[in-house]
Each structure stands twice: as structure tokens, then as C-alpha cells.
Amino acid sequence: MPDLLIELFSEEIPARLQGRACEDLKKRITDGLVEAGLTYAGAAAFSTPRRLTLTVQGLLAESPTTKEERKGPRVDAPEKAIEGFLRGAGVSRDDLDVRDEKKGQVYFATITKPGRAASGIVAEVLEDTIRNFPWAKSMRWGAGSLRWVRPLHSILCILTDDAGEANVVPMDVDGIASSDMTEGHRFMGNGRFSVTSFDDYRSKLKAAHVMLDTSERAEAIWQEASNLAFAQGLEIVDDKGLLAEVAGLVEWPVPLIGNIDDEFLGLPPEVLQTSMKEHQKFFSVRNPKTERIEKFITVANRTTADNGATILAGNQKVLAARLADAKFFWENDIRVAEAGGQPWLDSLDNVTFHNKLGSQGERVARIAALARELAPVVGADADLAEAAAKWAKADLSSEMVYEFPELQGLMGRYYAAPAGHGAEVADAAQDHYSPLGPSDDVPSAPVSVAVALADKLDTLTGFWAIDEKPTGSKDPFALRRAALGVIRLVLENDLRLGLKENSAQAAQVLLKLAEWQAALLGAKAEQKTATGEEADAAAKRVHDLAHQVEAATALVASLPADLLSFFHDRLKVYLRDQGIRHDVIDACLAMPGNDDLTLLVKRAGALSDFLKTDDGENLLQGYKRANNILSQAEEKDGVEYSYGADLKYTEAEEEKALFNALTAAEGTIATAMKAEDFAGAMVGMAALRAPIDAFFEAVQINTDNDIVRRNRLNMLNQIRQICLQAADLTKIEG
């Protein structure tokens, strides 16, 4: 069984595209081979900046011969129909069989497809893959029609048999003929060479200064860089994303450690790290004693006679220019902050958040108003929460954030103290964006929590107001992430927050601000005596705001329920990841107070744990049996059996025992539910398991005595009502 080796050699492939390209090459080739009848034992794909490589082991030498039986028309069908069948099946009339069927005699054709050599199949599949490769971006060069991410130079494609003999798979793609030749490193290689197998290919590349495996290059970079930093008593700032990117930029990584000029060491470490990463792809090297970033590590793509001195000198020169810009931004921003930062706040009025939701300044006003409303709920000072919300977006106007948008929030924290704000406001500026993802830390400081909740609730209510909701996989405004952020803020801070009420508050804030804006601009429009164009622009703005007011007014009534449903959908995903079944969540969502997420999750957790026990599972079956019998009887009799059972109409001992157990459990469970002790309520329900089992074992519900039957049905209703205090068990599966 031969092994297949493919290499597509080109100009430099962008690092961000290499991982996906490996997966696509492997999938498209292996899927094509299997579809053509060639199975294989294993496959692996690799990438470097200049090549995509695929090895397939244990490939069949040829596809098997197959036979397909195809049913045709009846024997007495029109001649044209029979001829069409013959053409489609590729057979003659003499090759047809006639068989008796219910509706008469029918033609059948047996189509034999002989096996094909692997070489021909591989050539077809590879050419199709190359011509239709799903690059995110591709280019054309020369006079051909072939598109590739960068100009494609050569195609290596060989099949190596069990004896070790390699045969080139002949093919030609726009003048690029396949061969068994490749080449090593662009600068340190020794020209082109031939290979006979994957092992031979890999070892010869290594000798030609090419590490084929991306993970091997990343490991080599990290190990050598760590050693360089450790030798000087320093440590590398961990950055897995940068490591993966740099590993895709070099074929023979050579880490070098360089110096940062003293004049830049006073910059915030995050500014140094971001500038070096974004502009130069440098790793930051930190002093563990001072937490300052003092040096950098760059990764060259070759060894040099001067051990990288020339490379470092050039990199340090470019870095100094970049950091000089960062220092200029920092010093300018500090001057603005020390003056109170008002120019930043004023400029937010000229930055559009969304054309239907106004400017960033208008949004900040909404968030500040809502943060003040939320402050008592989260235990924060209302004045401090409002001040923090007003400052939270100020750094969006700073020069540093304009250059490095990823530093938003962080720079607001740095600039807060020079602007005269305390630590709580500074922390809120950085933390109010969190959590950004499922693994992100959740703010716990009350002021930060108030501003973070206000920010996310304003986002959600605003986009709901203009009907920009997520659809399918599309969520351009990250509303799912915002909803999950609210959920985690509430749950991980154990907040008792009614989402309906607070969503309505957010909507009211949106409405009040829109009304105020419309009134203000309307007054300005009336007083306008300037040119007609200016008056028309003001009138249009008033008209637009009128629609915004109308939308916000409707929102106040409809948003809470609609948005709550969206929160519930995100909560289901969140809880499923924690092992709570969807039907358990549905059973708890059906209960009152389902907009209190903390209460809802406590109920779902207790119910989930209870249903995992034998008592829980058996009680659920008893409840379902009671509910089914009762529902059928109520439908048949046209009445509700909800008046309660009477002990004097009980007959069997099991019946009396259940009556007493229900009476005791009713009070126990009601008390526990009032105290929100869901675990205690489940313990009370567990006590019903044995008497309910015994009751159904010994008692016939539909007895001939109507009084006894009604009493027993009323007892079943008691079972239903007691169990439904905890959750809607009808929604539990099984």
C-alpha cells in the first residue's frame, strides 16, 4: 500500500491563514480520495511560510471495481424513454436484464466500474483542490487563470510503494508540472533536491534549515526565548497568540534579545507590549521584581555570522521610532487628563455610536443614568457609579486609544487619577467592558459591576429598540456576548436583579433622553435663522429623533418580555455547559420570578441534583403517573379535582399514609420555598416518594364508589400541586 506525499510550494503564506489551510488541504484531498474509492490508514498536514504539505499513509494502490444495479423503464415503455435509460447507464440493449414486477416486466442494467490506479485519482483530486482551494484571499499572476494565496512555484506529488520506490504522480496545473523536487530555506538552503518519502522529505528539509512542524517551531521559539530572558534574570510575557503568529512567519526560528531605550521604560507596560506586538511582532520581556517591561525578543528567520547583531540594531532603531510615537501620545493624553479630560468627554458627542442610537456622548448619558439606578441593587454609591459611567468611555477620544483601540478601558484607568478620579472610578473604566468571553474575569467591585451592567443593558435595549436583533449565526453587535455578560455579572456576584424591571428602566432612560434631544433640537430648529441647508439638516435630525422616540415608547411596553426570552436562551447555553439539562432549565423557567437569574439558577441546580437521585427519579415517575390519571379524569368528567382530599373517605392504609405524608410535606415544602431553600424543598419532596409508590401499588383510583374515586383524584391533585411548587415537572423528559 503506497504512501502519498504532496507539497505546494509558494511565496510567503500569511501566518493567520496557515492553520486553516492545513485543515482544508487535508480534508479536501482525503475526502476526494475516499469518494473515489481510495481508503487510507492515516494523514497529517503541515505548513511553513512557504509550503503546505500533506502526507497520506497506507493508501490503496487502486480503487476497487464496483457494480451498480440500476432500474429502468418497463419493457413496453416508449422507445425514447428506453434509449434515454441506455445512454444514462452507458450500456446497450443486449446488456439489459428483464424482470417481472407487480406492474409488468421492467429493464434492469448492471453497470460495472473498473478500478483505477491511485496515481490517476490523486492527480484529479489534487488539481481540483488546487484550482478550488478556499483561501480567504487569493491572487492571480502571470497570464494563467490559477488563483492562489501567493504565486505558486512548484508541486511535489509522489507515491512511495512498500519497497521504498517513489513515483511522481504526473499532472500539470497552468504550466506547473509535478515533480519529486523541493527546496529548503530561502537564504540558508542549498538549492532544489529530490525526495523519496515523507521521512526523507522531512529530514532533508531539516538539513536545509526548515522546521516543517509549526508546533516544533513554536516550542523552539519559546524554549530559546525563555533561556535568553532567564539568563538576564527576566521573564517573557506569555502571549500564545503572538507565539502562534511568529511560528508562522519563520522556517528556521532564531530568537534574539534586544534592549529598549531608557527613555521609554516609563511608559505603561501594556503600552510597550501592545506597540511591540502590533508593529514589530516582538515578545515583551519583563523584570519580575519591578513588573516593568525592560527588553524585547525578536525572532529572526536565519542565523548570521554576527549572531544577529545587525538584525537587532535595525530592529532597535525601528522600535525606538515606534515607541517615540507612543511616548508622544502618552504625554499629550496625560496633559489632557490633568486638565480634567473635558475635551475628551465633549468630543464623544461628535462620535456616532449608531445612526439610530445617537452619539457616544448620548450613550454615556444613558449609561450614567442607568448606573445610578442600578447602584443600590449592587451595593454601590449612586453618585460614584454615575461619575464612573461618565468617565468610562472618555479614553475613546484619547490619542493612545486611537492608535491602539485594544487599549480602551485600560488607558481610562491610567488617565483617571491625573483627571482627579479615585480608584473605584479608575477600576470601573477598565472593568466595565468585562466579561468579554466565557473565560474572562467578572468584575466584583460594586461600582464596576453597576457600570458594566448599565453598559450591557443599554446595548441590549438600544439594539432591541431599533430591531437589530441577532439572527442565526449573525450577531454584528455582539448582543449574545452582552447578554452572557449580564448573566455572569448577576450570577457570579450573587445579585438579586429583576431583569424585567431593569430592562424597562433601561428603555425608559432611552426614551427620556430621546425626548429631551428632540425637544432641544426642535427649539434650535425654530430659532435657526442661518442658511436653508443648516435649517434643513436640523429639521431632519428632529424628524429622525421623533422616530426614535416612537420606537422607544413602544419598547417600554414590549421589550422586557422579548428581551427576557433572549436572556433565557443564553442562560440555557450557559447552564448546559455546567451540566444542567435543558428540560430541567425549562421546568424552572416556567415558574414565577424567572427574571431573577440568581433565584432561577439556584432552583435549577437543586432540581438537577434531586433528579440524579433514586428518590428524585422515582418521584418524577409518580408525579407523571398522578398527573396523567388526573388530567384524563378531568377531561372525561369536565370538572377540576382541586378541593382537597378528606381523610374520612380514605380506605386503604396506604391511602391514609399518603394523605398524612401530603399534609406534612405541604407545609414543609411551602416553608422551604418561601425561604428560597430549594434543596430543603427537594428533601421534602423526597419524603413523598415511598408513600406515593405504595399508594399506586395498593390502590385503584377509578373505583366504583364515586365518593372514594373523587377523594382519590383530589389526592392526586394534591400531589400535583405540591410538586409544582418547586418546578413545572411536566417539562421534565422521561
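Bear in mind that the values in this text are calculations on the coordinates, not laboratory data. If you're wondering where the values come from, they're calculated on a predicted model, not measured in any experiment. Ideal geometry is used to build each Cβ from the backbone, glycine not excepted, and the neighbour counts take in all protein chains shown.
Values for this structure:
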{"read-out": "Region 215-338, relative contact order in percent, only Cα pairs under 8 angstrom and at least six apart counted", "value": "28 percent"}
{"read-out": "Rounded, prolate or oblate (a/c below 1.5 giving rounded, otherwise prolate when a/b exceeds b/c) for the chain by Cα gyration tensor", "value": "oblate"}
{"read-out": "Listed residue (597, 57, 714) projecting farthest to the positive dipole end of the chain, Cβ model", "value": "57"}
{"read-out": "Simple label model, 7 Å out from Cα along Cβ direction - residue 652 to residue 356, nm", "value": "6.3 nm"}
{"read-out": "Mean ellipticity per residue at 222 nm, deg cm²/dmol - from DSSP H runs of n ≥ 4 across the chain, formula -39500 (n - 2.57)", "value": "-17500 deg cm²/dmol"}
{"read-out": "Shape category assigned to region 324-389 from the gyration tensor of Cα positions, a/c cut at 1.5", "value": "oblate"}
{"read-out": "Cα Rg, Dmax, region 276-384, angstrom units", "value": "22.4, 67"}
{"read-out": "Kirkwood-based Rg to Rh ratio, region 215-338, C-alpha trace", "value": "0.98"}
{"read-out": "Cβ charges +1 (Lys, Arg) and -1 (Asp, Glu), total dipole of the chain, debye", "value": "1060 debye"}
{"read-out": "Partner aspartates and glutamates for residue 327 [C-alpha distance under 18 Å; skip if fewer than 8 residues away on the same chain]", "value": "261, 262, 263, 270, 278, 294, 338, 395, 399, 403, 406"}
{"read-out": "Coil-residue chymotrypsin sites (Phe, Trp or Tyr not before Pro) of region 147-246, DSSP, other Cβ within 10 Å capped at 16", "value": "187"}
{"read-out": "J(HN,Hα) series, region 270-280, from Karplus relation 6.51 cos²θ - 1.76 cosθ + 1.60, nearest Hz, glycine and proline x", "value": "5, 5, 4, 4, 5, 4, 5, 5, 5, 8, 10"}
{"read-out": "Computed over the chain: relative contact order in percent, which uses C-alpha pairs under 8 Å that are six or more apart", "value": "7 percent"}
{"read-out": "Value of Rg/Rh across region 148-288 [Cα atoms, Kirkwood radius]", "value": "1.12"}
{"read-out": "Over 21 Å between alpha carbons, listed pairs 27/474; 67/103; 281/317; 240/474; 240/317", "value": "27/474; 67/103; 240/474; 240/317"}
{"read-out": "Given 10 as the ceiling on other Cβ atoms within 10 Å, longest exposed-site-free region of the chain for GluC sites (Glu not before Pro) in DSSP loops", "value": "292-732"}
{"read-out": "Cα point-scatterer Debye curve for region 69-111, base-10 log of I(q)/I(0) at q = 0.31 Å⁻¹", "value": "-1.19"}
{"read-out": "Positive-end residue, the chain charge dipole about Cα centroid, Cβ charges, pick of 266, 344, 166", "value": "166"}
{"read-out": "Positive-pole candidate from 285, 638, 152, dipole of the chain, charges at beta carbon", "value": "152"}
{"read-out": "Unit charges on C-beta of K, R, D, E only; dipole of region 69-111, Debye", "value": "200 debye"}
{"read-out": "Mean-position separation - Cα centroids, region 457-503 and region 382-426, in angstrom", "value": "23 Å"}
{"read-out": "Cα gyration tensor category, rounded, prolate or oblate, for region 167-208 with a/c compared to 1.5", "value": "oblate"}
{"read-out": "Stretch in the chain that is longest and holds no trypsin sites (Lys or Arg not before Pro) that DSSP places in a loop and that have at most 13 other beta carbons within 10 Å", "value": "290-495"}
{"read-out": "Dipole magnitude of region 133-231 about its Cα centre (Cβ charges: Lys, Arg +1; Asp, Glu -1), debye to nearest 20", "value": "680 debye"}
{"read-out": "Of all DSSP beta bridges in the chain, antiparallel share, percent nearest 5", "value": "95 percent"}
{"read-out": "Relative pair counts by distance (%), Cα atoms of region 601-731, 10 Å bins", "value": "13, 46, 31, 9, 0"}
{"read-out": "Under 15 Å, Cβ to Cβ, from residue 104 - net charge with Lys/Arg +1 and Asp/Glu -1", "value": "+1"}
